[in-house]
Amino acid sequence: GAEALVRWQHPARGLVSPARFIPVAEESGLIVPIGVWIISEACRQHAAWRDQGIGEISISINLSAVQLRDTELVDTLKSAMSQRHINPQFIELELTESLLMENVSATIDLLQRLKSLGVSLSVDDFGTGYSSLNYLHRFPIDKLKIDQSFVTDMLDDPNDLAITRAIIGLGHTLGLKVIAEGVENIEEARMLAAAGCDELQGYLFSRPLPASDFVAWRQNNEGFQRP
């Protein structure tokens, strides 16, 4: 699978990090039209790869708190998938842990509406927010993504390793898949695999790539085996 990452190629400043422009977009409200464009582009790219014979590649899309307040979000996603004739099982929406807890009842309602479209839902950066385990099982989510801060220090800090293993165990107990973010070396990959982590993501596999380069990367790594 792949994750849709937005970048800003500025004519004078070069490549601007989303850490700089996304907060401004959220404050100004521009994140809503940007989000609509990202959803549309992710669906367009998925369809393009499918039509090229590359296969059905799952694409995950990050959502911001402002987007969750957009009353048109469900219709936007439904329309984008319908226009490109996309099987919803190949679209995954990522929401941060703290975002889920902003307005629990309204969030649960929205997630259920999104889930009814057939897409999957994951909690991004899990372990860094303030979610209540009492609420976690009520959200109609499919995956937990372990924050990369735990993975980065996992080899040297037994506490981070213990937290990582606990998140994997918690996720599996709740019937969820678990993804580890920020995997950068084979030692981390092997330790996570031994702990039962379902999926790995990080620079060990690839740094962010333009869509045109992703195809070549995928073809060169079709025989990649689990660590």
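The values are calculated or read from the model by the stated rules, or taken from the named source; none is laboratory data. Keep in mind that what you see is a predicted model, and the values were worked out from it rather than measured. Cβ placement follows ideal geometry from the backbone for every residue including glycine, while neighbour counts extend to all protein chains displayed. For accessibility, only protein heavy atoms count, side chains too; no ligands or nucleic acids. Shrake-Rupley method; radii C 1.70, N 1.55, O 1.52, S 1.80 Å.
See the values below:
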item	result
Residue-by-residue Karplus 3J(HN,Hα) for segment 204-217, coefficients 6.51, -1.76, 1.60, Hz, glycine and proline x	4, 8, 5, 7, x, 10, x, 4, 5, 8, 4, 4, 5, 4
FRET efficiency, 1/(1 + (r/R0)^6) with R0 30 Å, evaluated for ARG20 and ALA216 via beta carbons	0.55
Proximal lysine pairs, the chain, alpha carbons under 14 Å, eight or more residues apart or interchain	4
The chain - percent of accessible surface contributed by carbon and sulfur, probe 1.4 Å	49 percent
In segment 116-202, the GluC sites (Glu not before Pro) that fall in loop regions by DSSP, at most 15 other Cβ within 10 Å	GLU184
Trypsin sites (Lys or Arg not before Pro), loop per DSSP, at most 16 other Cβ atoms within 10 Å - longest free stretch of the chain	139-227
Top positive-direction residue, dipole computed over the chain with Cβ charges, set TYR203, LEU15, GLN67	GLN67
Cα-based shape type of segment 30-114, given that a ≥ b ≥ c are square roots of the gyration tensor eigenvalues and the cut on a/c is 1.5	prolate
Gaussian network model of the chain, springs between alpha carbon atoms under 10 Å - residue of VAL32, VAL74, VAL215 with greatest fluctuation	VAL215
Selected from ASP213, ASP153, ASP124 as most flexible by GNM, with the chain as the system and alpha-carbon contacts under 10 Å	ASP213
Dipole magnitude of the chain, debye to nearest 20 (Cβ charges: Lys/Arg +1, Asp/Glu -1, about Cα centre)	580 debye
Which of GLY53, LEU99, GLY118, positive extreme of dipole for segment 11-161 (C-beta unit charges)	GLY53
Unit charges on C-beta of K, R, D, E only; dipole of segment 1-51, Debye	160 debye
Simple Cβ-charge dipole of segment 123-227, Lys/Arg +1 and Asp/Glu -1, about Cα centre, in debye nearest 20	420 debye
Cα-based shape type of the chain, given that a ≥ b ≥ c are square roots of the gyration tensor eigenvalues and the cut on a/c is 1.5	rounded
Cα gyration tensor, segment 137-220 - rounded (a/c under 1.5), prolate or oblate	oblate
Mean accessible surface per residue for the chain, computed with a 1.4 Å probe while every protein chain stays in place, in Å²	53 Å²
